[in-house]
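We did not get these values from a lab; they are worked out from the coordinates using the rules stated. Nothing here was measured: the structure is a model prediction, and the numbers come from that model. Ideal geometry is used to build each Cβ from the backbone, glycine not excepted, and the neighbour counts take in all protein chains shown.
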Amino acid sequence: MPGPIDPRLWSRASATKTYMVAGVAVGTVTSVVLVAQAWLLAKLISTAFHLQGLPGDLNAVLPGSENAAYPLGGLAPSLGALGGIIAIRAVLMWFNSWLAHRSAARVKSQLRTDIIAARLASPHDATLTTGQLVQVVTKGLDNLDGYFGRYLPQLALAITVPAVVGTAILVTDWESTLVVILTLPLIPLFMILIGLATQAKMDRSWRTQSRLGNHFNDLVVGLPTLQAFGRAAAQRKGLKINEGNHRAQTMSTLRVSFLSGGVLELVATYSVALVAVPIGLQLAFGHMDLMTGLFVLILVPEVYLPVRQVGVHYHDSVDGITAAEEAFAAIDAGSHPASQTDPADPSPANPSPAGIIFDAVTVGYSENTVLDRHSENTVLDRHSENTVLDEFCEHIAPGEVVALVGPSGCGKSTALHVLMGFLTPASGTVHAGGMSLGDPRWRRQFAWVGQTPGMINGTVADNVRLGDPDASDDALQNALLRAGAGDMALGHHVGDGGEGLSAGERRRVAIARALLRVDAGSDWMILDEPTAGLDADTEASVIETLRGSGTGVLVVTHRPAVMEAADRVITMERAEDRMSEVAR
Amino acid sequence: MTVAAPRRNQWRLVRELFDDVPWSRTSFAMSVLCSVLASFSAVALMGIAGWLINRAAEQPPVMHLTAATVLVRACGLGRGAFRYVERLFSHDLALRLQSVLRLRTYDALAHTTLLSRRRGDLLVRIVSDVEAIMDVVVRVLLPFASAGIVVMATTIIIATMSVPIAAGLFLSALAAGVAVPLLARTASRAADRALIPTRGELAGIVAEINDAATDLAAYEDTSRIRALQEVDEQLRRAEERAAAVRGFAAAAQVVAAGVAVLWSLGFGIAQVEAGTLSRVELAVVVLTPLALHEVLTTLTQAAQTGTRAAAALDRVGQILDAPPLGQGDAVAGSPSEDPGISVTDASIGWSPDEPVRTGVDVHVAPGEWVALTGPSGCGKTTLAATIMGLIPSLGGHVEVRGTVGYLAQDAHVFNTSIRENVQIGDRDATDDQILDALSRAGLATPAGVLDRIVGEEGSMLSGGEARRLAIARLLVGGRQTWILDEPTEHLDTETAAALLNDLRELTADAPVLVITHDPAVMQIASRQIALDATPAGE
């Protein structure tokens, strides 16, 4: 059984703590109201009981004359009070559900923002696909509704209600309290014992069961592939056998896992019987008055109800914790802040010369930034993408146009990602313009054009304006013109994923965006393969634009034309090639 | 236009599934019986205990209480025991029904051609829609059936003591168990519907941020985060309305239970005064409603689950009823001395009445890479499906010589061993043949690689690896003619270049038709056939 509250969740729930405290308060008030309701009911029933009187003692309790003066034997005020109690309970019920929603909503909003902020903090590390991220942020987080809305309030009630109601019973009849005190802890105790006894079996069967259960999903989602190989119809036989196995396996798991629920109900319900029977006997021997007996009988189920409900909402807790774990995985994947300096130790005024300095920068990525499932990649892929930048040193002077070239996997793009602060180096330092990586003004020095430039929904103007939010339309038009896209309309619509623009047009929009950024004061243009897939003429115009921008340029490329145009070409080697050279 | 098949009502689908599963109705009856006994135990426990205590207060000989004490204890045990049995019965039945529905769905899908990009989401959704049958049985039909019977039985027993009290109890149960859940369902349906566009907007912004993450970070953009927060705020307000509905429903059920208790007390006291109700029975008629209404509290949730499950089953029904497109499985074709593709003046399309294109001419000879380009929706994939024999050509001449292999851009990696994944290409392939294919596809083959399980949706593999695994399938099957669908899509420049290079070598002598919009692919193609936007209606 997972712990009730994840500390990371708890720390994010600070905004909701007020609501949760209020939730516990409402729970306490609810239990007091329940005691009052039980007391009124017991009083009404016992008084009415005595109205009819014991045989031969008809007028002992209420004299007939008085009795006739009031309707319902003078019990109307008590009935009215009971009505009031019920109204209060209804209001409390509504209020509780409102509180629960509020606390869930706060946490969800907080997590949503955190996930997206984490995604942007580590932007090149797409651990989750777009679909998965959308799933985590929308439906995934919705599972917290049940957790905050039902499970946690129930957990609070499971503590307050037995305490308040238990005290009420104790005051009235300590013997019944004894039964409650002895049986109530049995519920969690049995749950734990059964949980321990079944854990091994559950663990064993869980893997098999989920594999069998997912077979259908796997086949259906893979149907287009099966059909292309003419193998779809042939898989049916296997599916049928699998379905039989899945059902058998699931039922054997369920037989065990329902056991805890069954025992829970058994203990809770049988305890009511355990209290009721002795009360009956005490009454029969005249050791107790009727009102006390009824009061205790009505209250006893209320003690067990919230504890039982915790079991009922157990799935909400599992779903909620799973959702929270997914959310934290998404947040942790992105929480590698690109800072190598201690925040308490701001970069010195101007210790190093201007320009970009890589000093012994090492990046080893599979362990650091990618989830471990990816670390297995190397087993299969000869063209491994897990490049390692090893003790990379380079100084690039201000205004210099530098081409970064080398074979696949030599770490060219990685060097750019480190420079842009998308990736944290394992060791080494990076300086630019007298600042250390991690300086808040760091990114403002660079104008970035990625391999596949990202587009936001809106217009071409919206996309170019990312480079400088305050730019005028004329400035935008001018930037587009310099990027070789002078004929592109500013109002041209850009849809999901850059829909409406060809790959070449997207790159030109990105270059225009970068030029605008340079106009706004950036010192460097950083480009990753800006001319891949462009024809020679377009490539030439892009090169001209870059040279004409008047800023420093650092460009990763494998195109000869780009290398020729550069002031300097830095050739990088694959880390393992260098290693083998050293070994020789 | 396709002929609209008569819509299958979701309840008819449920009935059909019950027909298909042997003993399903008996099983369901047993589940209901156990559920009724479990709930009724809880109700009876309170009623009998009330009787016991009031009777005991009359101080009769203890012997007269024996029967009641035994019954109270039995009810105490019954609830947990019956509930356990009920859950096993109902889940077993639900799993059987689910198996039947899964097989039916698989049959329907396997016999309709799914090769089309927009189908991906549909398949993911249908998988979860099929699970709704479990909810229908366990969380909707069973609670309603069982609660209905418990309410009837309780009403009849109370009626033997006092008819007006029984009538009041019954009406309050109708309110809490039928009216409130139905009203809440209607209200929450409206609230949920209002949520849909906002949720869509949220998903859109998240997708946008994810796709453009590097650029947004590089340019320190804050407008997208602000947009996200605005939508989040809208969503929160819309969800608040939905939550208010649930809160009102829960409160209304408390009121219904309270009214039932007040009614019973008011009438009961009057009747005790009048001597028409025994004072011992007063406790029974007052305490029973409390326990009965507890049984009804789950029904609000059940009604909402019912709406969702019905909508899901409705979608499944549409899949089952849709007339099949094409024939599902591709025709393998037989090996030929002179492989190639000859498409002359062909009409292609998914439905005979609606050709996507007419007058298509495509000829691919051995050693040729022919690039097929054009905007999305212009019929590139339709042409591929026609060539593979997945759908019949609607006219003209389509001839394919030799075995055809298709490399999809999103070829599915199955959650099984590498061996079985490659054997999709040829199920009789030996280990040596598979290893050879893997190695030719550019993958490393360390010891034990064939038994490695590649995870769900191929998550153990990188994009480049997954595509190479798909190539190994074609190699192991010895496919002569290749159709490549966007082979470089979603790969970074370097991985794409390496893959393209290897593909070119592997298919040096083969006829290759490559669907693409990547300039790098067009550059190495021997010829290019550009399809313009669909000439609709021609």
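Applied to segment B:151-156, the Karplus parametrisation 6.51 cos²θ - 1.76 cosθ + 1.60 on θ = phi - 60° returns per-residue 3J(HN,Hα) values of 4, 4, 4, 4, 4, 5 Hz, with x for Gly and Pro. Listed by chain and number, the lysines whose alpha-carbon sits under 18 Å from that of A:Lys17, ignoring those within fewer than 8 places in the same chain, are A:Lys108.
First obtain the Kirkwood hydrodynamic radius of segment B:372-428 from its Cα pairs, then insert it into the Stokes-Einstein equation at 20 °C and 1.002 mPa s, and state the resulting D in µm² per second as a whole number.
Details: Rh = 13.9 Å.
For these conditions, the coefficient is 154 µm²/s.
Taking the square roots of five times each eigenvalue of the Cα gyration tensor of segment B:403-538, the equivalent ellipsoid has semi-axes of 27, 16, 15 Å, listed largest first. Note on B:Trp482, A:Trp98: ascending count of other Cβ atoms within 10 Å places them as A:Trp98, B:Trp482, the fewest first. Under the convention that each Lys and Arg Cβ holds +1 and each Asp and Glu Cβ holds -1, the size of the dipole of the protein assembly as shown around its Cα centre is about 4540 debye. Legend: Rg and Dmax of segment B:10-317, from Cα coordinates, 25.7, 89 Å. The base-10 log of I(q)/I(0) for segment A:267-308, evaluated at q = 0.15, 0.23, 0.32, 0.35 Å⁻¹, reads -0.35, -0.71, -1.06, -1.17 [Debye formula, identical scatterers on Cα atoms, solvent excluded]. The label-point distance for B:Ser334 and A:Lys237, in a model that sets each label 7 Å from Cα toward Cβ, rounds to 2.3 nm. Look at B:Ile348, A:Ile570 and count the other Cβ atoms within 10 Å of each Cβ; fewest to most, that gives A:Ile570, B:Ile348. Between segment B:35-93 and segment A:221-256, what's the alpha-carbon centroid distance in Å? Cα centroid to Cα centroid, the span is 44 Å.
Estimate the FRET efficiency between B:Asp532 and A:Leu259 by the formula 1/(1 + (r/R0)^6), using the beta-carbon distance for r and 60 Å for R0, to the nearest 0.05. Plugging the Cβ-Cβ distance into 1/(1 + (r/R0)^6) gives 0.35.
If R0 equals 35 Å, the separation of the Cβ atoms of B:Ile524 and B:Glu354 corresponds to a calculated FRET efficiency of about 0.50.
Which FRET efficiency, nearest 0.05, do B:Ala153 and A:His492 yield, Cβ-Cβ r, R0 56 Å?
Once rounded, the FRET efficiency stands at 0.20.
For chain B, pairs of C-alpha atoms spaced more than 47 angstrom apart make up 37 percent of the total. Counting neighbouring beta carbons within 10 Å and listing from fewest to most, the residues A:His287, A:His101 come out as A:His287, A:His101. What distance in nm separates the simple spin-label points at A:Thr322 and B:Glu505, each placed 7 Å from Cα in the Cβ direction? Those two pseudo-labels are separated by 4.5 nm. Phi angles across segment B:123-140 convert, under the Karplus curve 6.51 cos²θ - 1.76 cosθ + 1.60 with θ = phi - 60°, into 3J(HN,Hα) values of 5, 4, 5, 5, 4, 7, 4, 4, 5, 4, 4, 4, 4, 4, 6, 6, 10, 10 Hz, Gly and Pro given as x.
Annotation: amide H-H contacts under 5 Å for A:Asp390 (H modelled 1.01 Å from N, sequence separation of 5 or more, or interchain): A:Val363. Its convex hull of Cα atoms gives the protein assembly as shown a direction-averaged projected area, equal to a quarter of the hull surface, of 51.4 nm².
Hey, got the average number of other protein chain Cβ atoms within 10 angstrom for residues in B:228-238?
Mean inter-chain Cβ contacts per residue within 10 Å come to 3.
Annotation: amide H of B:Gly405 within the under-5 Å range of B:Gln480, B:Thr481, B:Trp482, B:Ile483, sequence separation 5 or more or interchain, hydrogens built in the peptide plane.
Under a 5 Å amide H cut-off, with hydrogens placed 1.01 Å from N, A:Met525 pairs with A:Ala447, A:Gly552, A:Val553, A:Leu554 among residues at least 5 apart or on other chains.
Could you point to the residue in B:Val62, B:Tyr106, B:Leu93 farthest towards the positive end of segment B:56-106's charge dipole, with +1 and -1 charges on the Cβ of Lys/Arg and Asp/Glu respectively? It is B:Tyr106, whose Cα lies furthest towards the positive end. Whole-Hz Karplus values for segment A:25-41 come out as 4, 4, x, 5, 4, 4, 5, 5, 5, 4, 5, 4, 4, 4, 5, 4, 4 Hz, taken residue by residue from phi with 6.51 cos²θ - 1.76 cosθ + 1.60 and θ = phi - 60°; glycine and proline positions read x. Relative protection proxy for B:140-152, A:467-479, B:360-372, B:208-220, from highest mean packing down: B:208-220, B:140-152, B:360-372, A:467-479 (other beta-carbon atoms within 10 angstrom).
Put simply, segment B:158-272 fits an ellipsoid with semi-axes of 53, 12, 8 Å; these come from the alpha carbon gyration tensor as the roots of five times its eigenvalues, largest first.
Using the scaling law 2.2 N^0.38 Å as the reference, what is the normalised Cα Rg of segment B:417-497?
1.06
Segment B:266-398 gives an Rg/Rh value of 1.61, both radii derived from C-alpha positions and Rh following Kirkwood. Once Rg and the Kirkwood radius are both taken over the C-alpha atoms of segment B:347-469, their ratio Rg/Rh works out to 1.05.
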